[in-house]
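Encoded as structure tokens, the structure appears first; notes follow it.
The values are calculated or read from the model by the stated rules, or taken from the named source; none is laboratory data. Everything numeric in this text was worked out from a predicted model, so none of it was measured. Note: ideal-geometry Cβ built from the backbone for every residue, glycine included; neighbour counts use all protein chains shown.
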Amino acid sequence: MNIFRRIAANTVWLFTAHVAHRFSNLVVTLLLTRYLGAEGFGAYSFVCAYVGFFVLLTDMGIDMWITREASRDLRASEQIVGNAIVLKAILSGSAFGLSVGASMLIGIPSDKIVLIAIASLGLLLAPLTLYAAAFSATLQLHLPAGFEIVGRVLLVSLVGAAIILRGSLTIIFIALVLPGACTALLNLVYARRLFRPYLVFQWRKAQEILSNAVPIALIMVFTQLLLRIDQLMLEWMRGDHELGLYAVAVKCCEALNVVPIVFIGSMFPIMSKTASYSTESLTKVYHLSFRYLSLVLAPLIMLLFLYPEEVLRILFGEGYAGGAPPLRILAWSGLFVAMGYVVMTASISLGSQRALISITAVLAVLNIVLNLFLIPRGDAIGGARGAALATLVSYAASFLCIVAVPRLRPFGVAFLESLLKPVLALVPAVILVRAPSLGPAAGLPAVLAIYGASVVAFKGLDASDYRYLRSIFKRP
């Protein structure tokens, strides 16, 4: 199987798994928003956001670094992977204790502490994720993708059963944790057919792992602050109801992240291999990544911008239409999120992840400051709108930070170049749709059709792109 066909196959499998992941999350969100109401869903979102911070401690950047090492030589990595598994077991146990303990110390209500304890059980599964490095290294991503699909079906079934039985939030969180355990065990069983990590703990190996992984962990910590702090601050300043409206807007925008997550998940092993022997090849890979991601994301973002109320009414019901203003703002952050995925992955492949630490730290602080200033406001840019605006400005500032660092500047330039033709292609689509004020039923297909024709007219795809497509679909 040629490399383009393998990348395409992995991308399709990962896309299917992530669609299943996002679709199941959407179904669960739809069920819970209607079952719990805005206030109850706000409490649910708070617990998820809180526990999300401690997920970082279970990872510490180890997964990405181990995947990079395994992609270069799977057999030679068995010893260091075994050490990493033991190290992650120690970290995950610590994360569980800190999650529950901190919730008690900071005065979170007792009913929410119980929910946090249950949700935190998922942290203990973290060591098993390292077995997936075998699938990435051998480009057999169909296996973990298939296991993920099984887990998502089980998730929807368990949550649906909990709602039918009129279960409490406690029962719902138990239903959320169990499918992850099943998926992790399936990955373990099948990965051991490809390699057998030596489960020992050597302090020197642990130091080597941490010295390479901690920079990645710091990036992830600041990125998590950037992604989640707005929801915690909004709950603190405005309450569960407004957070519930904002959370559905965030859910819609997170659905866009399927595109860069899937594409970069498929490309990361390739980037890691090419970075070890050819900087020129890596440059070509990230240029293509920026271009294809921009072409796909631009029309999706525009649809959320044009029809936010309709999207929220259809997906979540009339009671969540108030989330339309923040959704219209947040939608544009998708482009910068995609840029961040590509830059982070390429930097880690090159071993240049330390250059991103200061950038993500600055952006996290900027986001907190903007939220503190905007959320309390009582005007049109306060509350959920303020949180959305703070997020968008912080994400957009990432581009300026990247071009300000000489080592990262080529990534920023490549991203800017990749946006030109998709943006030009959007202009006629938006004008022709908004001029007659077409509703979503006619507007959605019209935007996509006009955008596609404009991409062809502006030569958004060149001869090399068509060659790649032919190599993917021609018979071997």
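Taking the stated definitions as given, is L199 in contact (Cβ under 8 Å) with a residue 40 or more places away in the chain, out of contact with any strand residue (DSSP E or B) (no Cβ under 6 Å at 6 or more places or on another chain) and under 30 Å from S394 (Cβ atoms)? It would help to see each step written out before you state the result.
Details: in contact (Cβ under 8 Å) with a residue 40 or more places away in the chain: yes; out of contact with any strand residue (DSSP E or B) (no Cβ under 6 Å at 6 or more places or on another chain): yes; under 30 Å from S394 (Cβ atoms): no.
The answer is no for L199.
Quick one: would you say L169 is closer than 30 Å to D111 by Cα, without any contact (Cβ under 8 Å) to a residue 24 or more places away in the chain and of a type in the set (A, V, I, L, M, F, W, C)? Quick ask: steps written out before the conclusion?
Details: closer than 30 Å to D111 by Cα: yes; without any contact (Cβ under 8 Å) to a residue 24 or more places away in the chain: no; of a type in the set (A, V, I, L, M, F, W, C): yes.
Here the answer is no, as L169 does not meet what is asked.
Might you let me know whether segment 380-387 holds any residue that is modelled with pLDDT of 80 or more and on the phi > 0 side of the Ramachandran plot? Scanning segment 380-387, I find at least one residue that is modelled with pLDDT of 80 or more and on the phi > 0 side of the Ramachandran plot, so the answer is yes.
Filter segment 387-427 down to residues that are of a type in the set (V, I, T) and assigned to a helix (DSSP H, G or I) and give me whichever is farthest from F336 (Cα to Cα).
Within segment 387-427, the subset of a type in the set (V, I, T) is 391, 393, 402-403, 405, 413, 423, 427.
Those still in the list that are assigned to a helix (DSSP H, G or I) too: 391, 393, 402-403, 413, 423, 427.
Details: T391: 11, V393: 10, I402: 11, V403: 13, V413: 13, V423: 14, V427: 20 Å.
My answer is V427.
Collect the residues in segment 90-127 that are of a type in the set (D, E, K, R) and either under 24 Å from I66 (Cα atoms) or exposed (fewer than 14 other Cβ atoms within 10 Å of the Cβ) (or both), keeping them in residue-number order. Spell out how you get there, then give the answer.
Just the residues of segment 90-127 that are of a type in the set (D, E, K, R), to begin with: 111-112.
Listed by number, the list holds a single entry, D111.
Out of K421, K474, K459, I need the residue that is at pLDDT 75 or above and farther than 26 Å from C252 by Cβ. Which one? Full working, then the answer.
Working: K421 fails: farther than 26 Å from C252 by Cβ; K474 fails: at pLDDT 75 or above.
Every option except K459 fails the conditions.
Just to verify a result, which residue in segment 445-461, among those that are hydrophobic (A, V, I, L, M, F, W, C) and not in a helix (DSSP H, G or I), is farthest from V427 (Cα to Cα)?
First pass over segment 445-461, keeping only residues hydrophobic (A, V, I, L, M, F, W, C): 446-450, 453, 455-458, 461.
Narrowing the set further to residues that are not in a helix (DSSP H, G or I) leaves 458, 461.
Numbers: F458: 12, L461: 18 Å.
Among those that are hydrophobic (A, V, I, L, M, F, W, C) and not in a helix (DSSP H, G or I), it is L461.
Just so you know, in segment 332-382 the residues that are hydrophobic (A, V, I, L, M, F, W, C) and outside any helix (DSSP H, G or I) include one that is nearest to F411 (Cα to Cα), and it is W332. What do you reckon, is G107 small (G, A, S) and over 26 Å from L57 (Cβ atoms)? Against the criterion (small (G, A, S) and over 26 Å from L57 (Cβ atoms)), G107 does not qualify. In segment 85-181, counting only helices (runs of 4 or more DSSP H) that sit wholly within it, the ones holding 1 or more residues that are at pLDDT below 85 and over 29 Å from L199 (Cβ atoms) span 110-120. Any residue that is out of contact with any strand residue (DSSP E or B) (no Cβ under 7 Å at 6 or more places or on another chain), at pLDDT 80 or above and not small (G, A, S) - is there at least one of those in segment 266-282? For segment 266-282, residues out of contact with any strand residue (DSSP E or B) (no Cβ under 7 Å at 6 or more places or on another chain), at pLDDT 80 or above and not small (G, A, S): absent. Taken over segment 14-49, the criterion of being more than 11 Å from V159 (Cβ to Cβ) and among the β-branched types (V, I, T) is satisfied by T16, V19, T33, V47. Residues that are modelled with pLDDT under 85, hydrophobic (A, V, I, L, M, F, W, C) and in contact with a Gly (Cβ under 8 Å, 6 or more places away or on another chain): does segment 287-301 have at least one? Scanning segment 287-301 turns up at least one residue that is modelled with pLDDT under 85, hydrophobic (A, V, I, L, M, F, W, C) and in contact with a Gly (Cβ under 8 Å, 6 or more places away or on another chain). Within the set I229, I261, I219, the sole residue that is surrounded by 23 or more Cβ atoms within 10 Å (Cβ to Cβ) and at negative phi turns out to be I219.
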